[in-house]
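Student: Next up is a structure, given as structure tokens.
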Amino acid sequence: MWGGRFAEGPSAIMREINASIPFDKALWRQDIAASKVHVAMLGSCGIVSADDVKQIDQGLDAVAAEYEANGVPEDWDLEDIHMTTESRLSELIGPVAGRLHTARSRNDQVATDFRLWTREAMDQMDAGLAALQRALVTRAGEHADSIMPGFTHLQTAQPVTLGHHLMAYYEMIRRDRSRFQDARRRMNESPLGSAALAGTGFPIDREMTAQAMDFDRPTANSLDAVSDRDFALDYLQAAAQCSLHLSRLAEEFIIWASQPFGFVRMPDTLSTGSSIMPQKKNPDAAELVRGHAGRIIGCATALMVTMKGLPLAYSKDMQDDKPPVFEAASLLGLSVAAMTGMVADATFRTEKMRKAAELGYATATDLADWLVREADIPFREAHHITGAAVKLAESKGAALEELSMAELKAIDERIDERVYNALSVEASVAARCSLGGTAPDQVRHQVGLARQALEMDQ
């Protein structure tokens with residue numbers, strides 16, 4: 001390829017460091033599709049004859065069929081997927097293949113191919129996350145009344161429902177989907193026709209190629225178009241944020257599945273055993289999801305560092321843009337699938353959850369709220385009274401509702417028999433009926449809205 005300019009070929013080291021075909025062969029479908037669109041436009045604009053367009057188009061179909069059947073060959077002398085395809089096209093149809101590269105550069109070619117690949121990855125991720133949401137909503141609906149302890153600092157705080165807990169992750173995933181959707185809208189511009197960096201002198205029709213590839217419009221600046229990788233960074237940043245949410249959910253399952261908690265029985269299909277301890281059932285899928293988050297965040301960091309100091313326009317550093325995106329997409333897809341299966345197939349041990357909710361004086365806030373509401377006591381004073389009640393119950397090894405009325409009145413005379421109606425875990429969750437609260441009716445309301453948003457009942 002470089003024979004016209006260089007007297008000697010590249011060294012073995014240069015050949016190896018320069019070749020990207022081992023990873024960018026993943027773009028072959030996008031490369032073929034964009035090339036077919038490009039040559040069709042060249043024909044429409046009278047830049048390439050109709051006969052040549054037909055030969056090139058049929059030749060590209062033949063190359064695609066070979067790739068589909070046998071994979072993409074890795075000839076490092078051809079460097080990348082673009083030259084690999086063009087070389088094979090030349091072998092099949094002869095010199096006319098050289099007309100395909102009229103009015104384009106590998107700079108706008110790879111920018112277009114990579115955008116197409118990333119856009120498809122965003123669509124696939126949105127579909128995967130929607131499936132996870134459906135699993136969360138389904139299980140939340142099943143457990144709108146199932147009581148469990150809610151935690152702060154991993155200490156029992158207040159009773160909540162399992163449905164409410166699961167719907168919290170629905171909300172996180174809803175935001176994740178919005179980030180991918182926003183990124184997709186932002187990146188949906190076609191770089192094709194920007195050529196190397198300055199555009200082209202050929203009378204091309206960039207609107208035609210943009211429309212043919214379902215882009216909203218062509219990019220407005222050729223320098224920016226070939227050197228921009230914001231779309232890849234947007235994908236990675238959305239993926240990193242999503243991986244954090246998946247990691248948190250995975251950690252919940254890991255804790256819940258441990259013997260001290262025993263809140264959940266993990267599906268056999270997403271667990272492993274021990275090579276030496278036959279009793280073990282390890283939550284390895286959840287642990288790997290937790291681990292994958294670190295790698296995905298690393299991918300985002302890697303590309304940000306690569307891009308941070310590059311002057312306009314294209315630099316070879318940008319050849320390293322694809323591996324982190326490919327890796328993150330693969331890891332995130334696996335993580336989403338694993339967590340979807342885990343949510344859908346786990347067995348929640350609601351009796352153990354309810355018993356745990358009764359521990360740790362989870363209804364203490366309800367006692368304080370009762371004092372404010374029924375005895376007209378300022379909350380700070382009610383907080384102090386409740387603290388004294390908890391201290392007494394703790395010294396007796398009893399629950400708050402097990403304290404006698406005499407014991408409660410000894411703490412504060414304004415407490416009466418009605419207080420017992422507020423101290424059960426059922427009363428506690430039912431009282432949290434504010435919008436977005438944990439009351440079963442509120443959970444069912446939110447589940448209904450989510451089912452409607454996900455079109456689950458259609």
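Student: Looking for something open to solvent by 60 Å² or more (accessible area, probe 1.4 Å) and over 32 Å from the mean Cα position of the chain (by Cα) - is there at least one such residue anywhere in segment 17-37?
Tutor: We begin by selecting, within segment 17-37, every residue open to solvent by 60 Å² or more (accessible area, probe 1.4 Å); these are 17, 25, 29.
From what is left, the residues that are over 32 Å from the mean Cα position of the chain (by Cα) are none.
Scanning segment 17-37, I find no residue that is open to solvent by 60 Å² or more (accessible area, probe 1.4 Å) and over 32 Å from the mean Cα position of the chain (by Cα), so the answer is no.
Student: For segment 131-145, state whether one or more residues are in contact with a Lys or Arg (Cβ under 8 Å, 6 or more places away or on another chain), of a type outside the set (D, E) and open to solvent by 10 Å² or more (accessible area, probe 1.4 Å).
Tutor: Restricting attention to segment 131-145, the residues satisfying the condition of being in contact with a Lys or Arg (Cβ under 8 Å, 6 or more places away or on another chain) are 133, 137, 141, 144.
Next cut, of a type outside the set (D, E) only: 133, 137, 141, 144.
Checking the rest, the ones that are also open to solvent by 10 Å² or more (accessible area, probe 1.4 Å) come to 141.
Scanning segment 131-145, I find at least one residue that is in contact with a Lys or Arg (Cβ under 8 Å, 6 or more places away or on another chain), of a type outside the set (D, E) and open to solvent by 10 Å² or more (accessible area, probe 1.4 Å), so the answer is yes.
Student: What residue, of L303, L310, L334, is in the same structural domain as P191 (by the TED database), open to solvent by 60 Å² or more (accessible area, probe 1.4 Å) and on the phi < 0 side of the Ramachandran plot?
Tutor: L334
Student: Testing R175 on (1) in a helix (DSSP H, G or I); (2) within 30 Å of T350 (Cβ to Cβ); (3) open to solvent by less than 50 Å² (accessible area, probe 1.4 Å), one condition comes back false. Which one is that?
Tutor: So R175 meets the others, but not (3).
Student: Here is a list of conditions, (1) open to solvent by less than 40 Å² (accessible area, probe 1.4 Å); (2) without any contact (Cβ under 8 Å) to a residue 40 or more places away in the chain, and A406 meets all of them except one; can you say which number that is?
Tutor: Going through the list (1) open to solvent by less than 40 Å² (accessible area, probe 1.4 Å); (2) without any contact (Cβ under 8 Å) to a residue 40 or more places away in the chain, A406 breaks only (1).
Student: Restricting attention to segment 443-452, does a residue exist that is surrounded by fewer than 18 Cβ atoms within 10 Å (Cβ to Cβ) and either of a type in the set (G, A, S) or part of a loop (DSSP other than H, G, I, E, B) (or both)?
Tutor: yes
Student: How many residues does segment 342-388 contain that are farther than 21 Å from T161 by Cα, in a helix (DSSP H, G or I) and of a type outside the set (F, W, Y)?
Tutor: Within segment 342-388, residues that are farther than 21 Å from T161 by Cα, in a helix (DSSP H, G or I) and of a type outside the set (F, W, Y) number 14.
Student: Another question about this same structure. Of these, D214, D182, which one is open to solvent by 60 Å² or more (accessible area, probe 1.4 Å) and assigned to a helix (DSSP H, G or I)?
Tutor: Result: D182 is the single residue among D214, D182 that is open to solvent by 60 Å² or more (accessible area, probe 1.4 Å) and assigned to a helix (DSSP H, G or I).
Student: Checking the condition open to solvent by less than 60 Å² (accessible area, probe 1.4 Å) and of a type in the set (D, E), which residue from D369, D376 passes?
Tutor: On the way: D376 fails: open to solvent by less than 60 Å² (accessible area, probe 1.4 Å).
Just one listed residue meets the conditions, D369.
Student: Taking the criterion of being touching a residue at least 60 places away in the same chain (Cβ under 8 Å), among the acidic types (D, E) and not in a helix (DSSP H, G or I), would at least one residue in segment 100-108 satisfy it?
Tutor: Looking through segment 100-108, none of the residues is touching a residue at least 60 places away in the same chain (Cβ under 8 Å), among the acidic types (D, E) and not in a helix (DSSP H, G or I).
Student: In segment 147-172, which residue that is open to solvent by 20 Å² or more (accessible area, probe 1.4 Å) and either in a helix (DSSP H, G or I) or in contact with a Ser or Thr (Cβ under 9 Å, 6 or more places away or on another chain) (or both) is modelled with the lowest pLDDT? Give the steps one after another, and end with the answer.
Tutor: If we filter segment 147-172 for residues that are open to solvent by 20 Å² or more (accessible area, probe 1.4 Å), which is where we start, we get 151-158, 160, 164-165, 168, 171-172.
If we keep only those that are either in a helix (DSSP H, G or I) or in contact with a Ser or Thr (Cβ under 9 Å, 6 or more places away or on another chain) (or both) too, we end up with 157-158, 160, 164-165, 168, 171-172.
Working: A157: 85, Q158: 89, V160: 96, H164: 98, H165: 98, A168: 98, E171: 98, M172: 98.
The selected residue is A157.
Student: Using the structure shown, decide if G397 is free of Cβ contacts under 8 Å to residues at least 40 places away in the same chain and open to solvent by 50 Å² or more (accessible area, probe 1.4 Å). Before the answer, list the steps.
Tutor: Details: free of Cβ contacts under 8 Å to residues at least 40 places away in the same chain: yes; open to solvent by 50 Å² or more (accessible area, probe 1.4 Å): yes.
Here the answer is yes, as G397 does meet what is asked.
The values are calculated or read from the model by the stated rules, or taken from the named source; none is laboratory data. In this text, all values refer to a predicted model and were calculated from it rather than measured experimentally. Glycine also receives a Cβ, built like all others from the backbone with ideal geometry; neighbour counts cover every protein chain displayed. The area values use the complete protein model at the heavy-atom level, side chains included, leaving out ligands, DNA and RNA. Shrake-Rupley method; radii C 1.70, N 1.55, O 1.52, S 1.80 Å.
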